[in-house]
1. Give me the pairs, please: first residue somewhere in the stretch B:36-47 and at the interface with chain A (Cβ under 10 Å from one of its Cβ atoms), second residue anywhere and part of a loop (DSSP other than H, G, I, E, B), beta-carbon distance under 6 Å, and either six or more positions apart or on two chains.
2. Those residues that are out of contact with any helix residue (DSSP H, G or I) (no Cβ under 8 Å at 6 or more places or on another chain) and either crowded, with 17+ Cβ neighbours inside 10 Å or within 11 Å of chain B (Cβ to nearest Cβ) (or both), I need them from the stretch A:91-108; list them, please.
3. When the residues of the stretch A:11-26 are narrowed to those that are surrounded by 18 or more Cβ atoms within 10 Å (Cβ to Cβ) and outside any helix (DSSP H, G or I), which ends up farthest from the other protein chains (Cβ to nearest Cβ)?
4. With respect to the numbered conditions (1) touching a helix residue (DSSP H, G or I) at 6+ places or on another chain (Cβ under 6 Å); (2) free of Cβ contacts under 8 Å to residues at least 60 places away in the same chain, which one is the sole condition not fulfilled by residue B:149?
5. Give me the residue from the stretch A:29-40 that is more than 14 Å from chain B (Cβ to nearest Cβ) and surrounded by fewer than 20 Cβ atoms within 10 Å (Cβ to Cβ) and, out of that set, farthest from residue A:107 (Cα to Cα).
6. Kindly indicate whether any position in the stretch B:102-121 is in a helix (DSSP H, G or I), more than 14 Å from chain A (Cβ to nearest Cβ) and within 14 Å of the chain's Cα centre (by Cα).
7. Could you grab me the full set of residues in the stretch A:72-103 that are outside any loop (DSSP other than H, G, I, E, B), in contact (Cβ under 8 Å) with a residue 12 or more places away in the chain and within 20 Å of residue B:28 (Cα to Cα)?
8. Taking the criterion of being modelled with pLDDT under 85 and in a helix (DSSP H, G or I), would at least one residue in the stretch A:27-35 satisfy it?
């Protein structure tokens, strides 16, 4: 069964890499900005997992995106993974639990295996 | 003899600066590590490799350029009289910077629009220092810009030459900018609540200062500009 992942990543080259790392059954929609992400979530195809950068997301930073997504009732339960090159200890002020973030992955540590495990964990597999 | 405690404070600032520096170097490093991970796992077809090696090369060059710029800035602080200043054609330096950043700008769907006054007088400067000052700021702007076009301008200004980089993007407070100009360390950007080191501003500020120039940051709502003012060369001939 196909899984639809929404990837919010401003760097096109990195987005290409992360899309490749996803399992074969995944359809990846890539956007660079918050508004584009909202448009995809609002679209016809249901989003099963959101993977978002937390820092370089154009005019909106990643925390704003989390806030936006969770402010809509329809998207309260969509699993969210955060990917970042900022060390997590620098982001202690962000309440990840409040936004229902299910995983925080350092970008430079991402491998295909880790990506697949994280997506599967979000889907309860 | 008791430890004064000053060393601990200096040490902590040093560690903070290194951590912040690590953050700024992280993007090209991340790219390199991610691509290597895919290569090791055999995720690329043979005919895809040239494209990805090209991207690898671009990011390795960006990393090298950031380190070179920082080293030059640090050396200029330690030995301010050692930077060799010669008559310099600003237009050719800016042309080189724009060419180097074209692949990055393209990947961010951004264009660098270069405009200059005809017959711009030469400045008394250093090629590498000017290249790194403008290059590091442009690199940051391309990644964070909300514009499709970043303007790179070079004009005469009161007997000197002014280089301006202009776009739309997140504004910073004067206090945040002042902190970034003077010290390579972590600053939390209030509007985003996220840490930033202002690496590019720090490098540019120190290099421009070592060329007897000045750096100015202007912001108005979501419009921002960074300008360098450089003294013109007293010599009429250019060494190309």
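The values are calculated or read from the model by the stated rules, or taken from the named source; none is laboratory data. Since the structure is predicted, the reported quantities are computational estimates derived from the model, not experimental observations. Positions of Cβ are generated from backbone atoms using ideal geometry, with glycine treated the same way; all protein chains shown enter the neighbour counts.
1. Once the first residue is at the interface with chain A (Cβ under 10 Å from one of its Cβ atoms) and sits in the stretch B:36-47, its partners that are part of a loop (DSSP other than H, G, I, E, B) give B:37/A:111.
2. Result: A:91, A:92, A:93, A:96.
3. Top of the filtered list is A:26.
4. (1)
5. A:39
6. No, there is no match, as no residue in the stretch B:102-121 is in a helix (DSSP H, G or I), more than 14 Å from chain A (Cβ to nearest Cβ) and within 14 Å of the chain's Cα centre (by Cα).
7. A:82, A:83, A:84, A:88
8. Scanning the stretch A:27-35, I find at least one residue that is modelled with pLDDT under 85 and in a helix (DSSP H, G or I), so the answer is yes.
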